[in-house]
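The values are calculated or read from the model by the stated rules, or taken from the named source; none is laboratory data. On a predicted model such as this, the values are computed, not experimentally measured, just so you know. Using ideal geometry, Cβ is built from the backbone for each residue, glycine included, and neighbour counts are taken over all protein chains shown.
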Amino acid sequence: MTAFVSTAVATPPRRGLMFVLSSPSGAGKTTMSRRLLVDDEQIVMSVSVTTRPPRPGEIDGRDYHFVTEAEFDRMQAAGELLEWAKVFGYKYGTPSARVQDALHAGRDVLFDIDWQGTQQLQQTESGSDLVRVFILPPSMAELERRLRSRGTDSEPVIAHRMRRAATEISHWGEYDYILINDDPDVCLHEIRAILKAERLARRRQLGLAAFVRDMLG
Ligand code: 5GP
């Protein structure tokens with residue numbers, strides 16, 4: 001019988017990527033992000049700052065950094081935000097520091113941001129590190145059903161979110177990958193597959209030339 005000897009190979013260093021998940025609220029993005037983070041140690045979440053008040057169950061520092069309008073404006077003026085946008089009358093933004101630290105350390109960063117923020121990230125110097133994924137609901141009726149079942153929003157808020165969903169969806173053409181969240185398990189599997197393939201992209205594998213040179217002796 002042949003014995004297979006496993007030789008440990010040092011993985012060449014990799015450039016971190018910025019992985020954006022956008023969707024209208026209710027399409028399942030938050031659940032996907034949480035599940036992805038649980039068992040993938042190479043990716044960290046970008047926790048946004050927002051002037052929106054916390055919803056029941058939301059934790060400061062985990063879901064968002066909840067800040068005052070004045071603090072948000074200060075951060076923006078000081079250039080501490082990588083991107084920002086006004087959504088539903090509140091301001092949302094991505095603090096730069098954590099993102100830059102993670103990317104430099106070769107880790108990936110997950111963003112739950114809207115199309116406006118995604119466009120701005122594309123224009124930053126890290127634009128080539130961006131992988132943009134858009135999650136569509138299976139139908140507008142299903143989206144509305146999911147928004148209602150959350151039980152967190154009033155009727156006028158739901159009506160507003162539905163109107164905004166149409167705008168958000170109209171930007172699907174600005175994304176690299178489009179998923180339809182019919183089944184959350186399938187959708188998560190697809191997200192992991194995209195992440196895996198993008199990590200293997202040649203331009204992200206920084207030490208590859210040296211690795212192959214050494215291998216060939
Ligand atoms: P929610 O209030 O439901 O948590 O978020 C509302 C919308 O704001 C979602 O589409 C979410 O993706 C977006 N959002 C959250 N954080 C940010 C951010 O830092 N920047 C931008 N541009 N959008 C954000």
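Listed here are the residues, each with its yes/no results for (1) among the small types (Gly, Ala, Ser); (2) under 27 Å from His160 (Cβ atoms).
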{"residue": "Val67", "(1), (2)": "no, yes"}
{"residue": "Asp73", "(1), (2)": "no, yes"}
{"residue": "Gln76", "(1), (2)": "no, yes"}
{"residue": "Gly93", "(1), (2)": "yes, yes"}
{"residue": "Arg98", "(1), (2)": "no, no"}
{"residue": "Gly106", "(1), (2)": "yes, no"}
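Within the range 117-133, can you find the residues that are more than 15 Å from Phe19 (Cβ to Cβ) and either near the ligand (Cβ under 9 Å from one of its atoms) or modelled with pLDDT of 95 or more (or both)? Listed by number, the residues that qualify are Gln119, Gln120.
Within the range 55-62, can one find any residue that is among the β-branched types (Val, Ile, Thr), surrounded by fewer than 20 Cβ atoms within 10 Å (Cβ to Cβ) and assigned to a strand (DSSP E or B)?
So in the range 55-62, the residues among the β-branched types (Val, Ile, Thr) come out as 59.
Now narrow it down to the ones that are surrounded by fewer than 20 Cβ atoms within 10 Å (Cβ to Cβ): 59.
Filter once more, so that each one left must be assigned to a strand (DSSP E or B): none.
No, the range 55-62 contains no residue that is among the β-branched types (Val, Ile, Thr), surrounded by fewer than 20 Cβ atoms within 10 Å (Cβ to Cβ) and assigned to a strand (DSSP E or B).
Only one entry in Phe111, Phe134 is outside any helix (DSSP H, G or I), out of contact with any helix residue (DSSP H, G or I) (no Cβ under 6 Å at 6 or more places or on another chain) and crowded, with 19+ Cβ neighbours inside 10 Å, namely Phe111. Cβ-Cβ distances below 9 Å connect the following pairs, each with a first residue in the range 48-73 that is under 14 Å from Ala85 (Cα atoms), a second residue that is more than 10 Å from the ligand (Cβ to nearest atom) and assigned to a helix (DSSP H, G or I), and a separation of six or more residues or different chains: Val49/Glu71; Val49/Phe72; Val49/Met75; Thr50/Phe72; Thr51/Glu69; Thr51/Glu71; Thr51/Phe72.
When the residues of the range 17-41 are filtered to those that are part of a loop (DSSP other than H, G, I, E, B) and under 29 Å from Ser170 (Cα atoms), the one that is farthest from the ligand (Cβ to nearest atom) is Leu17.
When the range 89-116 is limited to residues that are among the basic types (Lys, Arg) and within 14 Å of the ligand (Cβ to nearest atom), the one that is farthest from Asp39 (Cα to Cα) turns out to be Lys91. Within the range 169-184, the residues that satisfy the criterion of being modelled with pLDDT of 95 or more and of a type in the set (Asp, Glu) are Glu174, Asp176. With respect to being of a type in the set (Asp, Glu) and surrounded by 17 or more Cβ atoms within 10 Å (Cβ to Cβ), Glu198 fits the description. Taking the numbered list (1) in contact with a helix residue (DSSP H, G or I) (Cβ under 9 Å, 6 or more places away or on another chain); (2) charged (D, E, K, R); (3) within 11 Å of the ligand (Cβ to nearest atom) in turn, Glu80 passes all entries but (3).
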